[in-house]
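Please treat every number below as a calculation from the coordinates, not as lab data. If you're wondering where the values come from, they're calculated on a predicted model, not measured in any experiment. A quick note on method: Cβ atoms are made from the backbone with ideal geometry, for glycine too, and the neighbour counts reach across all protein chains shown.
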Amino acid sequence: MKKIPFILANWKLNGNLLLIKQTLIRLNKERNFLKKLKIAIAPPIIYLSEAQKYIYDNKNIYLAAQNVDAHISGPFTGEISAYMLQEFGIKYVIIGHAERRQFHYEDYKVITKKFLILKQYNLIPVLCIGELYKDYANKEIRNICIKQINPILDVLGIESFKRTIIAYEPIWAIGTGKTPSPEYIQNAHLCIRSYLSQYDDSIAKNVVLQYGGSVNANNVLKILLQSDVDGILLGKSSIHLNEFLSILRIVSNFL
Ligand code: PGA
């Protein structure tokens, strides 16, 4: 049986105080209808404490952070620690996003440190991996994904993939309106799962695999119906409230 679909809204550097309030008020209103889904909102960090006021005893609506520092405290101007996120009841933290790898020069060493620190503070990492267009064209997907998973496997072992989410996001699909075919997405997810299953079959089965990159109301179902796709990481279409809600309704209606 498929897992409960996990839809994570990554607002990136978008949104405002009003949008976070409106989004959570609407989600709370529709919570009965949406109870078949697991939903997390990752607004810019400054909005998390306001957002927290709208998270009641919800079993299916959570908050996520878009980033965390690799240290817990000290002289690291501008950073936020796993401890601080935990204090605010944050459950999921995105790490390794292509935009952080590209614009903030985060490499596998930093990403591995962040992964470790999240584990230590019992936060759930959403580890983003994915290939460039040239690697897609050269059918390098398997190698690229393995290359991005291996540093964590090598240092922290397969056990660290318990309570972990891997978001497969082809870099060329992020924010471009282009997506690979659903079959390609299925194959990529299967590659990741079977690679992990060489280490531990049950961890591989339980790891949540999300797809991200230009998902919208028109393509969400086709992607989510693929057998190894357990969830969706939404960017652009999560910051337009009506579009976001219609995606959630489409998925919920189908279940
Ligand atoms: P997008 O972003 O949906 O705007 O393509 C997805 C992401 O970067 O997580």
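Residues in segment 110-117 carry Karplus couplings, in order, of 5, 5, 5, 5, 5, 4, 4, 5 Hz; the curve used is 6.51 cos²θ - 1.76 cosθ + 1.60 with θ = phi - 60°, and Gly or Pro positions show x.
Model label sites at Ser197 and Lys222, defined 7 Å from Cα along the beta-carbon direction, differ in position by 2.6 nm.
Spacing of the modelled spin labels on Asp57 and Ile250, each 7 Å from Cα toward Cβ, amounts to 3.4 nm. Quick one: net charge of Lys236's neighbours, Cβ under 12 Å, K/R +1, D/E -1? With Lys, Arg at +1 and Asp, Glu at -1, the neighbours total 0. Starting from the Cα of Lys205, move 7 Å in the Cα-to-Cβ direction to define the label point; list residues of segment 126-164 whose amide nitrogen is under 12 Å from there. What the label zone holds, given the 12 Å backbone N cut-off, is no residue at all. Only aspartates and glutamates eight or more places from Lys36 in sequence, or on another chain, were considered; those with a Cα closer than 19 Å are Asp57, Asp228, Asp230, Glu243. What lysines sit close enough to Lys119 to cross-link, taking a C-alpha to C-alpha distance under 18 Å and skipping anything fewer than 8 places away on the same chain? Excluding near neighbours in sequence, the set is Lys91, Lys109, Lys162. Helical runs (DSSP H, four residues minimum) scored at -39500 (n - 2.57) apiece and divided by the length of the chain put the mean residue ellipticity at 222 nm at -12000 deg cm²/dmol.
Which of the listed residues, Trp172, Ile141, Pro182, is farthest toward the dipole's positive end in the chain, when Lys, Arg count +1 and Asp, Glu count -1 at the beta-carbon? So the residue furthest toward the plus end is Pro182.
Of the GluC sites (Glu not before Pro) found in segment 98-167, those that fall in a DSSP loop while having at most 16 other beta-carbon atoms within 10 Å are Glu140.
Taking chymotrypsin sites (Phe, Trp or Tyr not before Pro) in DSSP loop states with no more than 12 other Cβ atoms inside 10 Å as exposed sites, the chain has its longest site-free stretch at 106-255.
Here segment 129-200 is treated with +1 on each Lys and Arg Cβ and -1 on each Asp and Glu Cβ, and its dipole about the Cα centre works out to around 80 debye.
For Ala40, the residues 5 or more places off, or on other chains, whose built amide H falls under 5 Å of its own are Ile7, Leu8, Ala9, Tyr62.
When +1 charges are put on Lys and Arg Cβ atoms and -1 charges on Asp and Glu Cβ atoms, the dipole computed for segment 6-254 relative to its Cα centre reaches about 600 debye. Remark: segment 227-243, residue by residue, has Karplus-estimated 3J(HN,Hα) of 5, 9, 9, 9, x, 9, 9, 9, x, 3, 6, 9, 9, 10, 3, 5, 5 Hz, where x stands for each Gly or Pro and the curve is 6.51 cos²θ - 1.76 cosθ + 1.60 at θ = phi - 60°. Give me the net charge for the shell around Gly96: Cβ to Cβ below 9 angstrom, other residues only, Lys and Arg +1, Asp and Glu -1. With Lys, Arg at +1 and Asp, Glu at -1, the net is +2.
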